[in-house]
Structures are given as C-alpha cells and as structure tokens.
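For reference, the structure is listed below as structure tokens.
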Amino acid sequence: MGLAFLFASSSSIYSASASPKYFFPVVGCEVKFSQAHHDYAATDILAKKGCQFVAPVNGTIDEVSLVDKWNGKTNLGIDRGGLSISIIGEDGVRYYASHFSNIDTAVVYVGAKVNGGDKLALVGNSGSARGTAPHVHFGISWPTQKDIWWVRRGAVNPFKYLKSWQSGKDLSPASEVLKLKNKMGEIPAQPKK
C-alpha cells in the first residue's frame with residue numbers, strides 16, 4: 001500500500017503508489033540533536049559551521065531568506081531564522097530550516113524543484129543563533145501564507161522523523177501534520193513571543 005500524501009489546498013489525504021524517500025538533512029559531519037526545543041515543536045541540529053544541509057525530501061522551494069534581518073533589540077519572530085529555506089515536500093509537508101551561513105542560490109530560489117539529498121546550504125549561526133554554536137533549526141509543519149512564521153518555524157516535533165531518516169528509514173510526518181492542522185486550524189493564534 002502506498003504512502004498517503006497531504007496536499008496544502010485540501011484537508012483530505014490522497015493515496016499514492018510510491019512513498020517518498022526521506023534524507024537526514026545534515027550530511028558529511030557529526031551531528032547532535034535532541035527531543036527538546038525552547039517552547040515549540042522543532043529541533044536544533046548541532047554541527048560544525050560549513051557542514052552541508054540537504055533537502056530532506058523531493059519538493060519545491062516555497063520561501064528563501066537570503067538576508068539576515070534579525071536584530072536582537074526587536075527580536076521579531078519573522079526574522080529569527082536569519083538565512084533560511086522552506087520546502088514544500090511532495091508529501092505536502094513544509095520543511096523549514098534556518099541559521100545557515102550560506103545558501104546555494106543557483107539551486108535554491110522560490111519555485112525551484114529539489115530532490116531529496118540535494119545540497120542546498122551550509123550550516124551556520126545566522127539570525128537569532130548569532131553568537132551560539134552553529135546549527136540548523138529544523139521545523140515541520142503544513143504550508144501557510146508567507147508571513148505565518150509561528151507555524152513555519154515548526155508545529156510537529158521532528159525528533160522521531162529525524163531519528164528514522166538518520167537510520168535510513170522512511171517515516172513520513174504527513175499524517176501527524178494533517179491531524180495537527182485539523183486540530184489547530186490552518187492559522188492558529190500568533191504567540192506573544
């Protein structure tokens with residue numbers, strides 16, 4: 001039986017004949033990550049600056065931030081990621097990653113098709129990670145409008161999916177993402193921080 005695919009424009013799940021292949025998003029370096037993250041569902045993948053970030057699944061680039069606009073005095077949520085990439089996977093899930101030192105603009109631009117495992121960026125500490133250990137902030141959610149940063153940053157805890165992909169398995173977050181979206185609504189209330 002094929003993996004169920006979730007499409008952003010629908011609350012229904014359609015079955016597909018083949019499951020996508022998932023990739024652990026940081027390659028070529030030793031990494032550390034944990035189940036816990038500040039006060040919302042996401043994971044920081046600690047790795048050396050310059051390690052490669054790859055597309056976790058086939059998909060389309062939805063958003064790219066090539067300029068680090070973060071300012072510690074204002075600490076705006078929309079700017080915290082610094083250099084960042086948002087991918088809508090072929091499974092309908094949004095994969096968000098941020099704090100890069102560099103993004104490959106020859107490959108990464110809005111509307112670009114990427115394959116799982118494609119090299120997209122380099123680990124860094126841009127945005128609110130400035131002054132901290134280099135890492136990739138990794139979030140999983142459903143697609144929304146461009147300015148809904150509190151969903152984009154992460155809604156479903158990615159830990160079990162990252163562990164699965166790290167071990168070469170294809171555990172999909174699509175059904176968990178759809179379930180949470182249906183529970184919270186497409187655009188839940190914006191948090192105070």
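Within the stretch 24-39, being of a type in the set (Gly, Ala, Ser) and in contact (Cβ under 8 Å) with a residue 12 or more places away in the chain holds for Gly28, Ser34. Just the residues that are hydrophobic (A, V, I, L, M, F, W, C) and not in a loop (DSSP other than H, G, I, E, B), please, taken from the stretch 16-59. Result: Val26, Val27, Ile45, Leu46, Phe53, Val54. Restricting attention to the stretch 87-128 and to residues that are surrounded by fewer than 24 Cβ atoms within 10 Å (Cβ to Cβ) and polar (S, T, N, Q), the residue that is modelled with the lowest pLDDT turns out to be Ser128.
For Lys179, the requirement of being among the charged types (D, E, K, R) and modelled with pLDDT of 95 or more is met. The set of residues from the stretch 125-145 being touching a His at 6+ places or on another chain (Cβ under 6 Å) and either more than 25 Å from Leu171 (Cβ to Cβ) or part of a loop (DSSP other than H, G, I, E, B) (or both) comprises Asn125, Ser126, Gly127, Ala129. Summed over the stretch 26-63, residues that are more than 21 Å from Ser172 (Cβ to Cβ) and among the polar types (S, T, N, Q) total 2. The number of residues in the stretch 40-59 being surrounded by fewer than 23 Cβ atoms within 10 Å (Cβ to Cβ) and without any contact (Cβ under 8 Å) to a residue 60 or more places away in the chain comes to 1. Taken together, the residues in the stretch 84-106 that are touching a residue at least 24 places away in the same chain (Cβ under 8 Å) and assigned to a loop (DSSP other than H, G, I, E, B) amount to 6. Of the residues contained in the stretch 60-83, none is found to be crowded, with 23+ Cβ neighbours inside 10 Å and outside any loop (DSSP other than H, G, I, E, B).
Collect the residues in the stretch 151-171 that are over 23 Å from Gly28 (Cα atoms) and of a type outside the set (Lys, Arg), keeping them in residue-number order. Answer for the stretch 151-171, where residues must be over 23 Å from Gly28 (Cα atoms) and of a type outside the set (Lys, Arg): Val151, Gly154, Ala155, Val156, Asn157.
The values are calculated or read from the model by the stated rules, or taken from the named source; none is laboratory data. Nothing here was measured: the structure is a model prediction, and the numbers come from that model. Heads up, the Cβs are rebuilt from the backbone with ideal geometry, glycines too, and the neighbour counts pull from every protein chain shown.
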